[in-house]
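One structure is given below, encoded as structure tokens.
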Amino acid sequence: MSLRINTNIGSLNAHNALNMTSNALDNSLNRLSTGLRINSAKDDASGLAIADQLRSQASTLGQAINNGNDAIGILATADKAMDEQVKILDMIKTKATQAAQDGQSLKTRNMLQADINRLMEELDNIANTTVFNGKQLLSGGFINQEFQIGSSSNQTIKATIGSTQSSKIGVTRFETGATITASGPANMTILNYNGVDDFDFAEIQISYSVGTGVGALAEEINRVADKTGVRASFTVQTYGTYPIQEGKTSANFSINGVVIGQIDYKAADENGQLISAINAVKDTTGVQAAKDANGKLVLTSTEGRGIVIEGSIGVGSGVINSQYSNFGRLSLIKNSGQDIAISGTGFGFTVSAGDFVSQSSVSLRESKGQIEGNMADAMGFFAYPGGSRYIITGSSSISGFMSTAGSGFSAGSGFSVGSGNNYSVLLGDIGVFISAASAYSNAYQVSAGSGFSQGSGLSNYAPMKTLELGIADNTAGVTTLKGAMAVMDIAETAILNLDQVRADIGSVQQQLEVTITNISTTQVNVKSAESTIRDVDFASESANFSKQNILAQSGSYALAQANQSQQYVLQLLQ
């Protein structure tokens with residue numbers, strides 16, 4: 001080999017190799033000490049970019065998990081509050097059920113209503129004070145609230161919590177038909193009962209025979225209530241328009257085809273002759289007689305059969321000729337609060353034209369206060385449309401009563417028969433007596449199409465229409481039997497409403513839990529991918545370190561030997 005002094009190639013090569021080994025050893029030590037394979041961009045530029053993206057995604061997913069848990073906490077808070085509200089509604093329905101029997105006095109019903117009022121206050125208190133981080137949950141403002149669940153923007157889950165205030169829940173639809181006055185086959189259809197289809201009921205005979213009438217129709221409706229969502233009840237009652245006066249029935253007087261005959265009865269039916277005679281055949285006629293708190297005769301068909309009077313029950317009974325054929329009123333209830341669209345034939349009026357129903361939607365809070373007259377009529381409080389007042393025009397059938405002392409129409413009153421006056425004052429909230437149909441039209445502005453225009457055929461008797469004279473408001477809540485029944489329906493609706501809200505937020509909770517599980521798994525996988533790129537493999541790196549360490553030692557030795565090799569030149573010069 002050639003020997004040089006100025007340039008020691010072997011030493012330079014050994015030095016260069018030693019520097020490379022030293023750098024590799026430093027990198028290996030850095031990785032072993034930090035645990036990272038990539039400590040700077042020079043270690044792996046593309047790997048660093050990918051690892052940073054994965055680390056950002058993992059961090060964002062971690063916050064998304066926190067967001068999801070916050071959302072679950074909000075919905076769980078609302079759910080627990082509504083659970084308490086459902087318990088309150090259970091108590092309200094229980095108290096309404098307690099009031100829904102005539103063994104209760106007005107005093108005890110008022111006490112039950114006071115309890116219900118307190119329960120409603122607590123229901124609203126929960127709705128107004130359930131708060132999460134300063135945000136009200138049950139007052140109706142928590143609508144379409146979004147929770148970011150994902151590592152990219154707009155990856156959200158929306159949640160809505162409906163209002164649970166008493167004014168917003170329990171909205172129940174009540175519809176009560178006009179009085180059916182004609183017998184014959186009746187057909188009824190509920191339109192769009194499921195939003196698409198109509199439901200046709202089997203033909204029902206309207207009559208006074210057993211198994212017929214509005215009661216049979218109500219049974220048919222209730223038989224499929226789970227499908228249509230519509231339940232039915234009925235009222236078949238004939239009320240006297242004024243307290244019982246002295247009078248007598250005709251010899252051919254009959255109810256529902258059963259002859260009762262002539263009966264002389266006294267004012268207020270003092271000896272019970274009239275009521276006893278009617279009740280003696282009630283098992284055959286299906287009609288029971290009683291006297292209400294105001295002394296008026298009340299005939300009731302508990303089975304829903306018609307009440308048809310033939311012959312004459314007498315002017316003193318207060319039952320006017322137009323009331324002699326009464327097949328009752330049908331009431332419909334829908335807990336969803338939606339309108340009940342119906343059509344039909346055989347009811348004595350045009351169902352599809354809207355003549356069939358008095359209708360109203362009633363919330364839980366509205367049942368707490370005085371029930372407005374139109375609403376009360378829709379809820380089926382009255383046996384006749386328009387409540388308990390009647391409009392009666394001049395007729396020989398009532399002339400006896402109109403000239404009876406104390407009636408307000410007797411001689412000297414200015415309103416007796418033949419006095420020349422055309423209309424009366426309102427008589428004790430019982431009825432309005434008018435001696436000429438024209439006076440009714442003029443005084444009360446009865447227009448064509450109202451059902452009470454001149455020549456309408458209703459000049460002798462007509463139920464009072466709400467648009468002409470108004471109807472009586474009714475007392476609140478469970479203070480009446482009908483009111484207690486209505487509160488039961490409304491409380492049931494309110495429970496269904498709350499259950500629906502709870503079901504909605506429950507489904508969102510499930511969605512959130514599934515999403516959190518999914519993104520937790522994703523986060524683990526993302527972190528694993530980042531670790532694969534960024535973290536050092538200690539087994540491999542420790543082996544590399546040992547290698548570089550040995551190379552460093554051998555490199556040092558080689559450099560020393562390379563430097564030593566130049567001394568051979570001195571031997572040549574000796």
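The values are calculated or read from the model by the stated rules, or taken from the named source; none is laboratory data. Just so it is clear, the model here is predicted, and its values are computed rather than measured. A quick note on method: Cβ atoms are made from the backbone with ideal geometry, for glycine too, and the neighbour counts reach across all protein chains shown.
The set of residues from region 532-551 being assigned to a helix (DSSP H, G or I) and surrounded by 16 or more Cβ atoms within 10 Å (Cβ to Cβ) comprises Ile533, Arg534, Glu541, Asn544, Phe545, Gln548, Leu551. If the condition is being surrounded by 11 or more Cβ atoms within 10 Å (Cβ to Cβ) and part of a loop (DSSP other than H, G, I, E, B), then region 101-143 contributes Gln104, Thr130, Leu137, Leu138, Ser139, Gly140, Gly141, Phe142, Ile143.
Per-residue answers, yes or no, for (1) in contact (Cβ under 8 Å) with a residue 60 or more places away in the chain; (2) within 30 Å of Ala529 (Cα to Cα); (3) of a type in the set (S, T, N, Q):
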site	(1), (2), (3)
Ala64	yes, yes, no
Glu84	no, no, no
Asp90	yes, no, no
Ala96	yes, no, no
Gln101	yes, no, yes
Asp115	no, no, no
Met120	yes, no, no
Ala127	no, no, no
Thr130	no, no, yes
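Scanning region 48-87 for residues that are among the hydrophobic types (A, V, I, L, M, F, W, C) and over 28 Å from the mean Cα position of the chain (by Cα) yields Leu48, Ala49, Ile50, Ala51, Leu54, Ala58, Leu61, Ala64, Ile65.
Among the residues of region 164-194, those identified as crowded, with 17+ Cβ neighbours inside 10 Å and under 19 Å from the mean Cα position of the chain (by Cα) are Thr164, Gln165, Ser166, Lys168, Ile169, Gly170, Val171, Thr172, Arg173, Phe174, Glu175, Tyr193.
Table: residues versus (1) under 29 Å from Ser152 (Cα atoms); (2) among the aliphatic types (A, V, I, L, M).
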{"residue": "Thr522", "(1), (2)": "yes, no"}
{"residue": "Val526", "(1), (2)": "yes, yes"}
{"residue": "Tyr557", "(1), (2)": "no, no"}
{"residue": "Asn563", "(1), (2)": "no, no"}
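Here Glu513 meets the list (1) surrounded by 15 or more Cβ atoms within 10 Å (Cβ to Cβ); (2) in contact with a Gly (Cβ under 9 Å, 6 or more places away or on another chain); (3) at pLDDT 90 or above almost entirely, failing just condition (1). Within region 164-188, the set of residues being of a type in the set (Val, Ile, Thr) and outside any loop (DSSP other than H, G, I, E, B) comprises Thr172, Thr176. Of the residues in region 195-202, at least one is surrounded by 15 or more Cβ atoms within 10 Å (Cβ to Cβ) and out of contact with any Gly (no Cβ under 8 Å at 6 or more places or on another chain).
Tell me, which residue of region 210-266 that is without any contact (Cβ under 8 Å) to a residue 60 or more places away in the chain and of a type in the set (A, V, I, L, M) is surrounded by the fewest Cβ atoms within 10 Å (Cβ to Cβ)? The selected residue is Val259. Close contacts from region 474-485, counting a first residue that is closer than 9 Å to Gln113 by Cβ and a second that is part of a loop (DSSP other than H, G, I, E, B) and β-branched (Val, Ile, Thr), with Cβ to Cβ under 8 Å and a gap of 6+ residues or different chains, come to Gly483/Thr475. Can you tell me which condition Asn294 does not meet? The list is (1) under 30 Å from Phe174 (Cα atoms); (2) surrounded by fewer than 18 Cβ atoms within 10 Å (Cβ to Cβ); (3) at pLDDT 95 or above, and all the others hold. Going through (1) under 30 Å from Phe174 (Cα atoms); (2) surrounded by fewer than 18 Cβ atoms within 10 Å (Cβ to Cβ); (3) at pLDDT 95 or above one by one, Asn294 breaks only (3).
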